[in-house]
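To start, the structure under review is shown below, and the notes come after it.
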Amino acid sequence: MAGDTRIPSSLDSRTLSSAVRRLLLARGLRAFADGFVSLLLPAHLLGLGLSPLQVGAIATGTLLGSGALTLCVGLRANRIGTRTLLTAAAGLMCATGLGFAAITSFWPLLVVAVVGTLNPSSGDVSVFLPLEHAVLARVVTDRERTGAFARYSLVGALAAALGALAAGAPELAHQWLGVAPRVLYPWMFVLYATLGLLAGVIYRRLPAAGAAQAGPTAPLEQSRRVVYTLAALFGLDAFGGGFIVQSLLALWLFERFQLSVAAAGTIFFWTGLLSALSYLVAARIARRIGLVNTMVFTHLPANLLLLLLPFASDLGWVIALLLARSALSQMDVPTRSSYVMAVVSPAERPAAASITSVPRSLASALGPLLAGYLLGLSPFGWPLIVAGGLKIVYDFLLLATFRAVRPPEEASSA
């Protein structure tokens, strides 16, 4: 369980507030970049002549690479320091964007996808996630923690929604200026690289006390069993989620309804906006019924809606189901992050955040490849059926396993 979670005395409240603002700003920049890249990625790759299966393979490569890098970083964070690692990751984000802007062949693109930071998902499955979580949890109190993670998730979702809207910029430029969208796609990856550079500048200004800290000699000691069990469950959820990463969900819409990138971007803007607003609601619900109950009882109906999507033949119904699902499906994001940080000791937080994030990246990595294969066979939407079924199993297992394991703020009020 969590130990002493007091804020380090060397950091005054003004410094802590500044650190939180910088984390939120960097998170917003990255999420905006992920928002447009996740939609432009399939359009860009298809424009290069790649097949849906190859698009899925590249999405899989990004998740495999992110998982491996996240594990290495998390296990070293208590030695190297989160500020240094965040800055280095921002540099890698810059290089990734430039690589996708310049390369046009499948195999080199796959290599860049594996070693880079590209995120094909509407959520954050990158190396940045555990590092930012560890810093954020360290500079707030137990009672502030869930609210802080809700704001963190809110900023990310709003920025990602705006990014999805920005994905239509190449098509708007085509209408106004007559420039072919595929000519402008590489420049959007240059923008991705630029935003990574800006995030790196912000990370360099984080307080040094938010980096390295003394901790146990092993990355995980007293919390090992809890963290490994959570990691296994989150991996199951992520395996299902891998079938519906935003890039592949957009590909399904392209194939099933012949939508343009701009139209898909508008849809994902509104779904992202609803997800963002749901984070604030999640924090309030969690104060009433607890973190685990909030995770399960909002996630379960969202997954039932996911199962209905392939059976909706009318685009209007598909949009309605997507909007309804987005209002529920992401409430577990801030509550899950807060819960992981709550049930481990402060020194173990970087490792715990990484170890629970890595299975999400690795388990979700196979999904896009399989989804691309299934969509190549039929536009029906079998990946959505598989995703919904796996996620429902996860919901019941999480409730059965962790309902009685309470974070400090819930235990003290019981």
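The values are calculated or read from the model by the stated rules, or taken from the named source; none is laboratory data. None of these values were measured; they are calculated from a predicted model. Ideal geometry is used to build each Cβ from the backbone, glycine not excepted, and the neighbour counts take in all protein chains shown.
Worth pointing out:
- Of the criteria (1) in contact with a Ser or Thr (Cβ under 8 Å, 6 or more places away or on another chain); (2) surrounded by fewer than 20 Cβ atoms within 10 Å (Cβ to Cβ); (3) under 24 Å from Leu248 (Cα atoms), which one Val333 fails: (2)
- Number of the condition not met by Arg205 [criteria: (1) modelled with pLDDT of 90 or more; (2) among the charged types (D, E, K, R); (3) within 27 Å of Val127 (Cβ to Cβ)]: (1)
- All conditions in (1) without any contact (Cβ under 8 Å) to a residue 24 or more places away in the chain; (2) within 17 Å of the chain's Cα centre (by Cα) hold for Leu184, with the sole exception of (2).
- Failed condition for Met341, given (1) part of a loop (DSSP other than H, G, I, E, B); (2) surrounded by 24 or more Cβ atoms within 10 Å (Cβ to Cβ): (1)
This table checks each residue for (1) among the β-branched types (Val, Ile, Thr); (2) in a helix (DSSP H, G or I); (3) within 25 Å of Asp142 (Cα to Cα).
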| position | (1), (2), (3) |
| --- | --- |
| Ala347 | no, yes, yes |
| Thr356 | yes, yes, yes |
| Gly376 | no, yes, no |
| Pro383 | no, yes, no |
| Val386 | yes, yes, no |
| Val393 | yes, yes, no |
| Thr401 | yes, yes, yes |
| Val405 | yes, no, yes |
| Glu409 | no, yes, yes |
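- Whenever a residue of segment 152-163 is touching a residue at least 12 places away in the same chain (Cβ under 8 Å), its partners that are of a type in the set (Asp, Glu) and not in a helix (DSSP H, G or I), lying with C-beta atoms within less than 9 angstrom and at least six residues away or across chains, give the pairs Ser153/Asp124; Gly156/Asp124; Ala160/Asp124.
- Residues of segment 386-414 satisfying the condition of being surrounded by 22 or more Cβ atoms within 10 Å (Cβ to Cβ) and either free of Cβ contacts under 8 Å to residues at least 24 places away in the same chain or over 21 Å from Ala342 (Cα atoms) (or both): Ala387, Gly388, Lys391
- Verdict on Thr82 being under 17 Å from Ser357 (Cα atoms) and touching a residue at least 60 places away in the same chain (Cβ under 8 Å): yes
- Qualifying residue in segment 294-305 (condition: buried (at least 19 other Cβ atoms within 10 Å of the Cβ), under 18 Å from Tyr152 (Cβ atoms) and modelled with pLDDT under 90): no
- Of all residues making up segment 244-283, the number that are over 19 Å from Val37 (Cβ atoms), at pLDDT 90 or above and crowded, with 21+ Cβ neighbours inside 10 Å: 2
- When Arg30, Arg14, Arg22 are screened for being modelled with pLDDT under 90 and among the charged types (D, E, K, R), only Arg14 passes.
- Top-ranked residue of segment 114-171 - restricted to ones that are in a loop (DSSP other than H, G, I, E, B) and polar (S, T, N, Q), ranked as modelled with the lowest pLDDT: Ser122
- Looking across Phe234, Phe254, Phe243, Phe239, one residue alone is in a helix (DSSP H, G or I) and more than 21 Å from Trp382 (Cβ to Cβ). It is Phe234.
- Cβ pairs under 8 Å, 6+ apart, first in segment 23-40 and farther than 8 Å from Ala159 by Cα, second in a helix (DSSP H, G or I) and of a type in the set (D, E, K, R): Leu23/Glu132; Leu24/Arg151; Ala26/Glu132; Arg27/Glu132
- Tally, over segment 47-79, of residues that are surrounded by fewer than 19 Cβ atoms within 10 Å (Cβ to Cβ), of a type outside the set (D, E, K, R), in contact (Cβ under 8 Å) with a residue 24 or more places away in the chain and more than 16 Å from Ser126 (Cα to Cα): 4
- Hits in segment 141-194 - residues which are of a type in the set (S, T, N, Q) and either within 30 Å of Met295 (Cα to Cα) or surrounded by 20 or more Cβ atoms within 10 Å (Cβ to Cβ) (or both): Thr141, Thr146, Ser153
- Yes/no for Tyr373 being under 25 Å from Gln222 (Cβ atoms) and touching a residue at least 60 places away in the same chain (Cβ under 8 Å): no
- Any hit, segment 350-366, residues being surrounded by fewer than 24 Cβ atoms within 10 Å (Cβ to Cβ) and at pLDDT 85 or above: no
- In segment 367-385, of all residues being touching a Phe, Trp or Tyr at 6+ places or on another chain (Cβ under 8 Å) and either of a type in the set (Lys, Arg) or over 27 Å from Val127 (Cβ atoms) (or both), the one that is surrounded by the fewest Cβ atoms within 10 Å (Cβ to Cβ) corresponds to Pro379.
- You will find that of Arg151, Arg145, Arg205, Arg138, the residue that is farther than 24 Å from Phe234 by Cα and among the charged types (D, E, K, R) is Arg205 and no other.
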